[in-house]
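Student: Sending over a structure as structure tokens; questions will come in a sec.
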Amino acid sequence: SFGRKLINKIMLKKIFLLLLIGSLTSGKAQETDLLSIPNPVEYDGTEFFLARAKQRSKTLFQQQYIPKDEQLENFNQIIDFSFFNKEIEMELAVRQKVESVQSRKDDKFAKVNVTESPDGTEYIVDFYISEAPEKGDSFIEYDIYRFKKFDNGTQKSFLMLNYAKRIYGDLKSAAKLLAKQRDQLMTGMIEYKIPEIKVLAVETKK
């Protein structure tokens, strides 16, 4: 009957919508690993889960990890692997990062330091920055960037590994709190064993 056909049509629409919503949510929740990095990443006693994986260019692959129940938009901690599948001049990358912090003339909390590993194969740039948006909470962010070259004999590559921690609220109090944690956080980055990174087969952008 007409009524039965109508009910069946409505039921099919509902099923289609449920399938669509399900695929959208599952697609958002599950990012595809591009760099063969174990998920979750364990860092300084905390588990970080893959939240975003993007191929930014033909040679740049970026993956970001956050603790469970955190959001990328207002994270407290984040780990970022930016992997270049080509040779990058490390000193230039370090200088650009330092200059990006020094250019924040209106940020009175901006402060940057550079540390070279004893064997000269790695650099660490660590810095503080602050944000006081018109909407949302003010915060101080402490970043540690570790720059490392790789050469497996046939392919040269380059990694910028970044750990960032934010404290929201009063900027002076947040800055003092992060300053007290700096040594511990730096040690965590220095001692972190970088996993073996391998670019998985993906469709390269032209």
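Student: In whole angstrom, how far apart do the alpha carbon centroids of region 37-77 and region 89-105 sit?
Tutor: 23
Student: OK, next. In whole Å, what are the Cα extents of region 94-154 along the three principal axes, biggest one first?
Tutor: Computed over the Cα atoms, the extents are 51, 19, 16 Å.
Student: Let me ask you something else. What is the diffusion coefficient of region 153-203 in µm²/s, taking the Kirkwood radius over Cα pairs and the Stokes-Einstein relation at 4 °C with a viscosity of 1.567 mPa s?
Tutor: After rounding, the answer is 90 µm²/s.
Student: May I ask which of K176/K198; K97/K172; K105/K135; K108/K198 have a Cα-Cα span longer than 28 Å here?
Tutor: K176/K198; K108/K198
Student: Using only the alpha-carbon atoms, what does region 90-206 span along each of its principal axes? Please give whole angstrom values in decreasing order.
Tutor: If we take the Cα atoms of region 90-206, the spans are 50, 38, 24 Å.
Student: GluC sites (Glu not before Pro) within region 129-206: which are DSSP loop residues with at most 16 other Cβ atoms inside 10 Å?
Tutor: Details: sites: E131, E134, E141, E191, E196, E203; in loops: E134, E196, E203.
For GluC sites (Glu not before Pro) across region 129-206 that sit outside H, G, I, E and B with at most 16 neighbouring Cβ atoms in 10 Å, the list reads E134, E196, E203.
Values in this text are rule-based calculations from the coordinates and carry no lab data. Note that this is a predicted model, so its numbers are computed, not measured. Glycine gets a Cβ as well: all are built from the backbone with ideal geometry, and neighbour counts include every protein chain shown.
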